[in-house]
């Protein structure tokens, strides 16, 4: 019912949104004598603000047309090279001729960036991808919006997530490096543990875990405490809704993106109110650069996706309530997940000093559970002065965190690896 009411509300304000767009366009026309007045600018700014707050934000584009390598500009083309109904693995393919001219025959390490499936699209990691591009063959998990996946495609839970990570690593082959950003940390550790237990040759050479709830009991944050305080029935009754008939995933039970977005916004409501007030004032003043920065951030932040009920609920239980990975009780399709089996994969953990999503120590816990990785193959880094998003984006990520990750990958990368692989595109998992 809530999902249908949300859609009805969105459609009901559509005429007002169209009127606001028309008003903004009319007031900003050079032919309109009121456009340059304070009253005209204020009215246009109010129309822009209303339109932006009532708009449906679509999945953003990657907007990474080029990268710079040794001072040369190299074209980049995102291509899906592995797929299922629930995900694509995107390869940011750099132009081969320009790449060879820029850095010769050197084979760059292949890195799989595992994006969170937690409400926002993988494009939230645009800055992460952009940093890796000059020095790596970059791949990323691009998860599907559950409301776009037909019910006939079946369920998708945490076990399926782990299967997808293993499938992508196997498609990439030996000497791949995996980077888990935020929520996928436990699933990536589980996938690498299972592959190591099988002595799989495609077990990654390195595993970097960034701002992730490996053990959510350590320095618990507001989301951790909420997950622990409420029982699962409360989450099922209040957070799970049915996709309406407007979408391909009609009748699927999901945790809607708009519900999660409301939770995100509520955590820092005053900051968002101040940001929109500043946006309004900048529009009135004609400060186009500041207004554009606001639009760029919120175009990404307000674009959200739905999660399948089974994935959301299983993650809540296993990661945030029963702490199965650090407790040693996690299983995958009946198999015990034992991080102690990891002995050949180097481990780097990265945390932000001011992280209010995954507190200090939650990511470091990976070192405790991966007890058999040799000491010389371990690294840990805490970035001063950054919050959660600063762990994988922004100036300090680019200048302080990423160089450490790059060095770590290079230190444990075999020069005998094959470089870019020819991958097969698969269907259902």
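Kindly establish whether residue 158 is in the same structural domain as residue 393 (by TED's automatic domain parsing), under 28 Å from residue 387 (Cβ atoms) and modelled with pLDDT of 95 or more.
yes
Which numbered condition trips up residue 220, out of (1) over 20 Å from the mean Cα position of the chain (by Cα); (2) over 25 Å from residue 392 (Cα atoms); (3) in contact (Cβ under 8 Å) with a residue 40 or more places away in the chain?
Single failed check for residue 220: (2).
Among residues belonging to segment 104-118 that are under 12 Å from the mean Cα position of the chain (by Cα) and assigned to a strand (DSSP E or B), point out the one that is surrounded by the fewest Cβ atoms within 10 Å (Cβ to Cβ).
Among those residues, the one meeting the criterion is 113.
Looking at segment 323-332, which of the residues that are assigned to a helix (DSSP H, G or I) and crowded, with 16+ Cβ neighbours inside 10 Å is nearest to the chain's Cα centre (by Cα)?
325
Conditions tested, residue by residue: (1) farther than 25 Å from residue 257 by Cβ; (2) under 18 Å from the mean Cα position of the chain (by Cα); (3) at pLDDT 95 or above.
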| residue | (1), (2), (3) |
| --- | --- |
| 134 | yes, no, yes |
| 151 | no, no, yes |
| 170 | yes, no, yes |
| 226 | no, no, no |
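Any residue at all in segment 308-322 that is outside any helix (DSSP H, G or I), in contact with a strand residue (DSSP E or B) (Cβ under 8 Å, 6 or more places away or on another chain), closer than 30 Å to residue 398 by Cβ and at pLDDT 90 or above?
For segment 308-322, residues outside any helix (DSSP H, G or I), in contact with a strand residue (DSSP E or B) (Cβ under 8 Å, 6 or more places away or on another chain), closer than 30 Å to residue 398 by Cβ and at pLDDT 90 or above: absent.
Select, from 145, 199, the only residue that is over 27 Å from residue 247 (Cβ atoms) and either within 20 Å of the chain's Cα centre (by Cα) or assigned by TED's automatic domain parsing to the domain that holds residue 86 (or both).
The match here is 199.
Which one of the conditions (1) under 26 Å from residue 43 (Cβ atoms); (2) at pLDDT 95 or above does residue 282 fail to meet, given that it meets all the rest?
(2)
Among the residues of segment 119-166, which ones are touching a helix residue (DSSP H, G or I) at 6+ places or on another chain (Cβ under 7 Å), part of a helix (DSSP H, G or I) and under 17 Å from residue 255 (Cα atoms)?
Listed by number, the residues that qualify are 158, 161.
Tell me, please, whether a residue that is part of a helix (DSSP H, G or I) and more than 30 Å from residue 11 (Cβ to Cβ) can be found in segment 49-71.
No: segment 49-71 contains no residue that is part of a helix (DSSP H, G or I) and more than 30 Å from residue 11 (Cβ to Cβ).
Applying the selection to segment 5-52, what residues are over 24 Å from residue 285 (Cα atoms), touching a residue at least 12 places away in the same chain (Cβ under 8 Å) and either more than 32 Å from the chain's Cα centre (by Cα) or not assigned by TED's automatic domain parsing to the domain that holds residue 293 (or both)?
Hit for segment 5-52 is 16, nothing else.
Residue by residue, here is whether (1) under 20 Å from the mean Cα position of the chain (by Cα); (2) farther than 26 Å from residue 236 by Cβ; (3) surrounded by 19 or more Cβ atoms within 10 Å (Cβ to Cβ); (4) in contact (Cβ under 8 Å) with a residue 12 or more places away in the chain holds:
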position	(1), (2), (3), (4)
334	no, no, no, no
337	no, no, yes, yes
361	no, yes, no, yes
371	no, yes, no, yes
394	yes, yes, no, yes
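Which residues, counting only those in segment 284-307, are in contact (Cβ under 8 Å) with a residue 40 or more places away in the chain, outside any helix (DSSP H, G or I) and surrounded by fewer than 18 Cβ atoms within 10 Å (Cβ to Cβ)?
Once the filter is applied, which keeps residues that are in contact (Cβ under 8 Å) with a residue 40 or more places away in the chain, outside any helix (DSSP H, G or I) and surrounded by fewer than 18 Cβ atoms within 10 Å (Cβ to Cβ), segment 284-307 yields only 286.
The values are calculated or read from the model by the stated rules, or taken from the named source; none is laboratory data. On a predicted model such as this, the values are computed, not experimentally measured, just so you know. Using ideal geometry, Cβ is built from the backbone for each residue, glycine included, and neighbour counts are taken over all protein chains shown.
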